[in-house]
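The values are calculated or read from the model by the stated rules, or taken from the named source; none is laboratory data. All of these numbers come straight from a predicted model, not from anything done at the bench. Positions of Cβ are backbone-derived with ideal geometry, glycine not excepted, and every protein chain shown enters the neighbour counts. Note: accessible area is taken over every heavy atom of the protein model, side chains too, but ligands, DNA and RNA are not part of it. Shrake-Rupley method; radii C 1.70, N 1.55, O 1.52, S 1.80 Å.
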Amino acid sequence: MGTFSVQIEIGDANRERWVSMDALVDTGATMTSAPASLFQELGIEPVSKQLFEFAQGEVRLMDIGYTWVRFEEQEILTQVLFNEEGSPPLLGAIALENAFMGVDPVAKRLIPVRGLMM
């Protein structure tokens, strides 16, 4: 699948302040991530730590938290990963699923999907 970016906004806990950015759509990433300083600027605090495996095979213990994310006319509360400075923002699988959005790899766009109860 080719990669593509979408415009997202990350908001504070009260949905009063938002930061807009381009994020790489990454269905191989569990969570939406951005540099930790962005979350700190919005007053978002880590709630726990989790081990993450990176593409090059490295495993790191990383901070995670919860906040609001808007994209494609959806606004959801989701888990986020406090990533290293300079790392590109990623829109991950949990946020995509919570917003009922899928990926059209040919058109390189997000598409609405139905929820499943099977």
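What about Ile76, is it assigned to a strand (DSSP E or B) and open to solvent by 10 Å² or more (accessible area, probe 1.4 Å)?
Yes: the conditions hold for Ile76.
Taking only the stretch 9-39 into account, find how many residues are in contact with a strand residue (DSSP E or B) (Cβ under 8 Å, 6 or more places away or on another chain) and either surrounded by fewer than 18 Cβ atoms within 10 Å (Cβ to Cβ) or free of Cβ contacts under 8 Å to residues at least 24 places away in the same chain (or both).
Counting residues in the stretch 9-39 that are in contact with a strand residue (DSSP E or B) (Cβ under 8 Å, 6 or more places away or on another chain) and either surrounded by fewer than 18 Cβ atoms within 10 Å (Cβ to Cβ) or free of Cβ contacts under 8 Å to residues at least 24 places away in the same chain (or both) gives 13.
Criterion first (farther than 15 Å from Ile8 by Cβ, modelled with pLDDT under 95 and within 16 Å of the chain's Cα centre (by Cα)) does Phe100 satisfy it?
no
Could you pull out every one of the strands (runs of 3 or more DSSP E) wholly within the stretch 1-69 that has 3 or more residues that are in contact with a helix residue (DSSP H, G or I) (Cβ under 9 Å, 6 or more places away or on another chain) and under 18 Å from Gly92 (Cα atoms)?
Answer list for the stretch 1-69: 18-25.
Among the residues of the stretch 79-110 satisfying the criterion of being open to solvent by 70 Å² or more (accessible area, probe 1.4 Å) and in a loop (DSSP other than H, G, I, E, B), which is farthest from Ser20 (Cα to Cα)?
Val106
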